[in-house]
Amino acid sequence: MSRESLAQEIIEAGRFLYGRGWSPATSSNYSARLSASEALLTVSGKHKGQLGVDDVLATDLAGNSLEPGKKPSAETLLHTQLYRCRPEVGAVLHTHSVNATVLSRLTEGDRLVFEDYELQKAFSGVVTHESRVVVPIFDNDQDIARLALKVQPWLDQHPDCAGYLIRGHGLYTWGAKMSDALRQIEAFEFLFECELKTMAVMNRQP
C-alpha cells in the first residue's frame, strides 16, 4: 500500500478507537509497516481522534525518525521490534482503555489467561473456544528500550501471542493488516470487560 493509504488507515483507526473510548486524548500510538525496513507511526503528543495526514511520520526499524522536525512516539521501539521480529506483522495498535488499565492493575500475576470464550476465535490462528489465550503483563517502565528487552523473550518464545498488556498503562496488539489489528482490539476489549464484570459479580480479584 502507498504511504497515503497507510496514513489514512492510521487516521481512521484513531477516530474509531477514540470514539470507543479506548484512546482518550493524546494517549495511544498506532503504526503500519511502510516497507521491509520502515514503519509509519503517529507522531508524539497528538489527539488520536483528530489525526491528520501530517500527524504520522516514517521511521526506520531502530525507531529513528526519517522526517526531520517530526518526533516519534516515545514508545516507537515497542512497535518497531514487532516489525523486526515478525515479518508477517503489517500494523500495530497501542490503546489506553479503562478496562485494560484496571484489569492489568488488579491482576497480581504476570499474565491473563482466557479460556472457553467464543470470541477467542477472533484472534489470528485460534479456531476454537476450546483453547487458551495467554496475555502477558509487563510492569510499566519509562525506559522503553529496557521495556522492549523484557518483551522480546516472550515474543520469541510465544509465536502465537496476539497481544500484551503493560500494567496500569494499556494494550499492544498487531495483525497482518490494520483491519486484523482492529479486530483483535475489539476482541480483547470484550474479554477484558467480561473478566471485570465477572470479578464484580464474584466480588473477588484474579
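FYI, it's all coordinate maths here, none of it is from the lab. All values derive from a computational prediction rather than experimental measurement. In this analysis, Cβ positions are derived from the backbone assuming ideal geometry, glycine residues included, and neighbour counts consider all displayed protein chains.
Descriptive notes on the structure:
- Acute angle (nearest 10 degrees) that the helix 76-85 long axis makes with the longest principal axis of the chain, alpha-carbon atoms: 80 degrees
- Stokes-Einstein translational diffusion, region 3-202 - Kirkwood Rh over all Cα pairs, 0.890 mPa s, 25 °C, in µm²/s: 146 µm²/s
- Under the criterion of Cα pairs below 8 Å and six or more residues apart, the relative contact order for region 3-202 equals 20 percent.
- When both region 177-203 and region 1-78 are represented by their alpha-carbon centers, they are found 23 Å apart.
- Taking the Cα centre of region 78-117 as reference, the dipole from Cβ charges on Lys and Arg (+1) and Asp and Glu (-1) amounts to some 260 debye.
- Other-chain or far-sequence residues with amide H under 5 Å of V43's (modelled H): V56, L57
- Principal-axis tilt of helix 178-202 within the chain, Cα atoms, nearest 10 degrees: 30 degrees
- 3J(HN,Hα) from dihedral phi, region 47-59, Karplus parametrisation 6.51/-1.76/1.60, rounded to Hz, x for glycine, proline: 5, 6, x, 10, 5, x, 5, 8, 9, 10, 8, 8, 10
- Proximal lysines relative to K48, as straight alpha-carbon distance under 23 Å, when same-chain residues fewer than 8 apart are discounted: K70, K71, K177
- Helix 144-157 and the long axis of the chain differ in direction by around 60°, with both axes built from C-alpha atoms.
- About the Cα centre, charge dipole magnitude for region 17-65 (Lys/Arg +1, Asp/Glu -1 at Cβ), debye: 240 debye
- Remark on R167: its backbone amide H falls under 5 Å from those of F138, D139, N140, a criterion applied only to residues 5 or more positions apart or on other chains, H modelled at 1.01 Å from N.
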